[in-house]
Amino acid sequence: MTLPRLTRAEMLWVLLLAASVLLAALAHVFPVLRGFPAGLTLPLADWANAVLTPLVEALRPLGRLVSAAVEGPLEAIRAALAWLPWPATVLLVAALALQAGGRGLAVFAAAALGLVVAMGYWPKAMNTLALVLISVPLAVGIGFALGALAHRFPKLQPALVVLLDVMQTWPAFGYLIPLLLLFGFGPTAGLAASVVFSIPPMVRNTLVGLRGVPPAIVESALMAGATPAQLFWQARVPSALPQLLVGVNQTTMASLSMVIIIAIIGGFDDIGWEVLSAMRAAELGRSLGAGLVIVLIAVLLDRITRGFAARGRRTGRRVLWIGAAAALVLAVALAGQDLLPGDAGQRSLRRLDGWLLDFVAWSAPFFGLLRNAITYGVMLPMRLGFSGSASPMVWGFALTPAIIAAYALASLALALWLGRRRPMRGIAFGFAALLVWTGLPGFPWPGVFALAGVACWRAGGPGLCALALAGLALAGVSGLWAPMMQSIYLCAVAVLISFALGGALGVLAAESDRFSALLRPVSDALQTMPQFVFLIPALMLFKVGEFTALIAIVLYAVVPPIRYVEHGLRSVRADLVEAAVQMGATPRQMLWQVKLPLARPSVRLGLNQTIMAALSMLVIAALVGTRELGQQVYVALSKADAGAGMIAGGIIACIALVADRLLRTPGEAPGRTD
């Protein structure tokens, strides 16, 4: 077999592969190559706390002032929602839904809120809604102001985009630690975290909307003698309103997701705390019921805000005013009456516990088989590697020199065969075979630095390379190398499963309109669910452990590949498809040789979003038992250790930012705002 001539870049990757193989072999003799040397670690968390503690102490009076200013309106909204009889609230929300999406959405709103009442979760749901009604206006106002400022002064945009990227990749629990120290336990710290977490979508959509204003509108306003303020408020903002309302939709969903997460700190009897307490008590019926309430609220808020975004300025107000007036009359007529159904709904959920336990027992063989297949077929090879997991108990044989030699020769032969025409395929297979041998957490740390540095330099230049190496160095020096590699391993397995499953479903949806119509509502529901909810079915079926965390991450991350793969395949130009048909392409050839190559940018973006979703879910999954960076953030939160939490959160943010930059399409500008 004649080997092809290698380019300079391909030769570099071959040398890196050879060096990695040598390091993996030496790691058996020098274990220091497996994990970052303990002698190089520094007490970074203590140093960070030494800086943060005086700063927090100095700002604490301001924190008390902000708490007092926030808790007043929050209690007022909470009292108002508690005073409103539930029929009046249902009527008002149904009027909003009718205005936003028509009769179907209004019926859904009434049915969904009626179910919340029937299950006995109305007061807790209203407490959650009170938190959302405070955090969303604050996040929308701040986000709009930042977006408008960046549009007015374009030189601010690169720095602002980097800040937004960091804010969106920082772990949710990571926001809570410094805010807890500043505001103390209670709703104010949670509200502040919710506002900070929800600002980026509004900033990005404000920038996109203001940039998209047609020049003709601006020129007409200037010719009419508009002042700068009139030009902005009476020309640019009305034209950008549809995109701004999309930002309100995304901000609302981000706020609801964070409001549920902040239940971990307690201090507010909302639906998020109900889910957490039910999960801790192992009451499956209660946790499932509370989770269903969260889903219903999320879907309802999403559809209403999305409906107003779609209608934009065409939305009239007559139905809304009539509904508000009717709700007020009903509220006055029913004031002081206890109309809630008592604990009948809670008794039903407790009876559901028995049925769910029966289902878990009945389905245990199937889910046990699934768990074993994924654990032994995917998780163990990627965590311990073939060299660490091969044993008579696991694989039925022991690792001998003959087996090692056979694995090496087979890997080399396959790499050469795959690379006979396209060398990078053979090189990629060589790295994959080496990772399967060592496992991701056991890959030699000098090799991780070298691979990350070269890949990032070639993909994004010295800036991205510096970011990647700084993140790796931070993990090593802070003593979090093992948790970081565990995080990368868990995310890699989750992304592998999510992208394979979601990609397959996306292909089927692109090829069948009927299947797409069936899959769309499921994808919509999964996309609108707050992250917390995905823990409930995973915990119910698989108990506490790393596999449970994996399933929760997969459930959350499976939607992006479905949507992007289907969109990419459906967006392939019709004339190219017709040309392939005329050339006699079979359906298989059409998919693999025509549609998928042309849909590659969309598929690549789907992979990007799958990784982002998996990383964002990592910290939430730490609640069910993992040993990675998410657990480090959670432990730091429980100890109020701001330094440790910020370092672990910073490493997760670095991983997310590097993965995002590596998977961007080649022509995409670094300063994107969409």
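The values are calculated or read from the model by the stated rules, or taken from the named source; none is laboratory data. Only a predicted model underlies this, so the values are computations on that prediction, with no experimental measurement involved. So basically every Cβ, Gly included, is an ideal-geometry build from the backbone, and we count neighbours across all protein chains shown.
For segment 326-341, taking the residues that are exposed (fewer than 14 other Cβ atoms within 10 Å of the Cβ) and in a helix (DSSP H, G or I), the one that is modelled with the highest pLDDT is identified as 329.
Taking the options 164, 191, 113, name whichever one is in contact with a Pro (Cβ under 8 Å, 6 or more places away or on another chain), in the same structural domain as residue 247 (by TED's automatic domain parsing) and part of a helix (DSSP H, G or I). Before the answer, list the steps.
Details: 191 fails: in contact with a Pro (Cβ under 8 Å, 6 or more places away or on another chain); 113 fails: in contact with a Pro (Cβ under 8 Å, 6 or more places away or on another chain).
Answer to the selection: 164.
Pull up segment 495-529, narrow it to residues that are surrounded by fewer than 17 Cβ atoms within 10 Å (Cβ to Cβ) and of a type in the set (Gly, Ala, Ser), then point me to the one that is nearest to residue 551 (Cα to Cα). Taking the candidates together, the pick is 500.
Scanning segment 31-49 for residues that are under 32 Å from the mean Cα position of the chain (by Cα), outside any loop (DSSP other than H, G, I, E, B) and not polar (S, T, N, Q) yields 44, 45, 46, 47, 48.
Among the residues of segment 419-466, how many are in contact with a Lys or Arg (Cβ under 8 Å, 6 or more places away or on another chain), among the hydrophobic types (A, V, I, L, M, F, W, C) and over 24 Å from residue 25 (Cα atoms)? Show your work before the answer.
Pass one, segment 419-466, residues in contact with a Lys or Arg (Cβ under 8 Å, 6 or more places away or on another chain): 419, 426, 439-442, 444-445, 456, 459-460, 464.
Filter once more, so that each one left must be among the hydrophobic types (A, V, I, L, M, F, W, C): 440, 445, 456, 459, 464.
Add one more test, that the residue is over 24 Å from residue 25 (Cα atoms), and what stays is 456, 459, 464.
The qualifying residues number 3.
Looking at this structure, is residue 439 surrounded by 14 or more Cβ atoms within 10 Å (Cβ to Cβ) and on the phi > 0 side of the Ramachandran plot? So residue 439 fits the description; yes. Restricting the first member to segment 66-92 and to residues that are within 16 Å of residue 328 (Cβ to Cβ), and the second to residues that are at pLDDT 85 or above and of a type in the set (Phe, Trp, Tyr), the beta-carbon pairs closer than 8 Å and six or more apart or on different chains are 86/122. Based on what the data block shows, is residue 57 within 19 Å of residue 646 (Cα to Cα) and part of a helix (DSSP H, G or I)? Criteria met by residue 57. Does segment 473-494 contain at least one residue that is among the small types (Gly, Ala, Ser), buried (at least 18 other Cβ atoms within 10 Å of the Cβ), assigned by TED's automatic domain parsing to the domain that holds residue 574 and closer than 19 Å to residue 663 by Cβ? Yes: segment 473-494 contains one or more residues that are among the small types (Gly, Ala, Ser), buried (at least 18 other Cβ atoms within 10 Å of the Cβ), assigned by TED's automatic domain parsing to the domain that holds residue 574 and closer than 19 Å to residue 663 by Cβ. Here is the figure for segment 381-419: residues that are over 36 Å from the mean Cα position of the chain (by Cα), of a type in the set (Phe, Trp, Tyr) and at pLDDT 80 or above total 2. A single entry from 591, 662, 629 fulfils the requirement of being buried (at least 18 other Cβ atoms within 10 Å of the Cβ), within 23 Å of residue 498 (Cβ to Cβ) and aliphatic (A, V, I, L, M): 629. Among the conditions (1) buried (at least 21 other Cβ atoms within 10 Å of the Cβ); (2) among the aliphatic types (A, V, I, L, M); (3) touching a helix residue (DSSP H, G or I) at 6+ places or on another chain (Cβ under 6 Å), residue 297 misses just one, which is (3). Pairs meeting the criteria (first residue in segment 293-308 and in contact (Cβ under 8 Å) with a residue 40 or more places away in the chain, second residue aromatic (Phe, Trp, Tyr) and buried (at least 22 other Cβ atoms within 10 Å of the Cβ), beta carbons under 8 Å, at least 6 apart or on different chains) are 293/121; 294/532. Would a scan of segment 342-355 turn up a residue that is over 30 Å from the mean Cα position of the chain (by Cα) and not in a helix (DSSP H, G or I)? Yes; the residues of segment 342-355 include at least one that is over 30 Å from the mean Cα position of the chain (by Cα) and not in a helix (DSSP H, G or I). Among the residues in segment 136-155, are any among the aliphatic types (A, V, I, L, M), crowded, with 24+ Cβ neighbours inside 10 Å and modelled with pLDDT of 85 or more? The answer is yes; a qualifying residue exists. Residues in segment 245-275 that are at pLDDT 80 or above, over 30 Å from residue 210 (Cβ atoms) and part of a helix (DSSP H, G or I): 271, 272, 273, 274, 275.
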